[in-house]
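Data first, discussion second: the structure below is written as structure tokens.
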Amino acid sequence: MSSRWCLPRIVAHRCGGALAPENTLAGLRVAAALGCGGVEFDVQASADGRAVVIHDERLDRTTDRVGPVVGLTAAELAICDAGIRHHPAFAGEHVPRLAEVAALCRSLGLVANVELKCNDDEGEAMARLVAPQVAECWRGAKVPPLISSFSEAALACAALVAADLPRALLVEAVPADWRGRLSRLGCIALHCHVDALEEALVRDVHGAGFRIAAYTVNDPAHAARWFALGVDALFSDRPELLLAHNPAASGGPP
Ligand code: G3P
Ligand code: CA
């Protein structure tokens, strides 16, 4: 299996899981305070081509503004409130630039899974713009971030423009030809929806030399079962629950 695998077993989903506003610096601080060793978050491009951390194409669900993310510059996004809709205690949290998130991950010792969030038809352009920024943000880091995407076009482009960064293919259902896709894209891991996990799949993915992770698992007993079957990492909105029941899974990769 690839020695480039970098994620710990329990990874806080969208920075800090459910205890903090998603995809914010506050989320990273919460993840670190909980004892998480790794975080996952979503990256898109702003109007001025800067990598920014937010899940939806639009600002409406998670911020105090409406409209497409790509309609605002990084400076304009920096004054959108991405905390208050989660809880007033988080008012003032902004939509962060990737550079801010990377710097805080590095100072807190959090391993990062950077998801390139895009449709496949915009995947190549997104990766061409954003993947070099990911590489630059973690330049010289002891542990590089893992890039993942549902867009195979984005992963193929990332392989060209940020070749040194490890990659994972994200899927909801697992395609029959997952081996060929991972090999063709030079990925080291398959990340699937937890409903698509099967014991035989874990065995086959490992047998083929890849890692396997799944999203999103919030029940500790459910997580323990998958860890016992060898799943390499689980993304969770309740990392504090999983950590309490699987304390050995907090640190770095095996
Ligand atoms: O990377 C796993 C997971 O984050 C993918 O789904 O919609 O939460 O980005 P989503
Ligand atoms: Ca994600």
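Readers should treat all values here as calculations from the given coordinates under stated rules, not as data from a laboratory. All values derive from a computational prediction rather than experimental measurement. Counting neighbours? That spans all protein chains shown, and the Cβs are built from the backbone with ideal geometry, glycine included.
Observations
- Computed about its Cα centre, the charge dipole of the chain is approximately 780 debye, with only Lys, Arg, Asp and Glu carrying charge at their Cβ.
- Working from the Cα coordinates of the chain, the gyration tensor eigenvalues give, after taking √(5λ), semi-axes of 27, 22, 16 Å in decreasing order.
- Inter-label distance, nm, simple model (7 Å from Cα along the C-beta direction), Lys142/His206: 2.7 nm
- His222/His55 FRET efficiency (R0 25 Å; Cβ-Cβ; nearest 0.05): 0.60
- FRET efficiency, 1/(1 + (r/R0)^6) with R0 25 Å, evaluated for Glu172 and Ser2 via beta carbons: 0.65
- Inter-label distance for Ala33 and Leu229, nm, one decimal - labels placed 7 Å from Cα along Cα-to-Cβ: 3.5 nm
- Extension gain for Glu122 to Ala89 (0.36 nm times residue separation, less C-alpha to C-alpha distance): 8.3 nm.
- For the chain, share of DSSP beta bridges that run antiparallel, in % to the nearest 5: 20 percent
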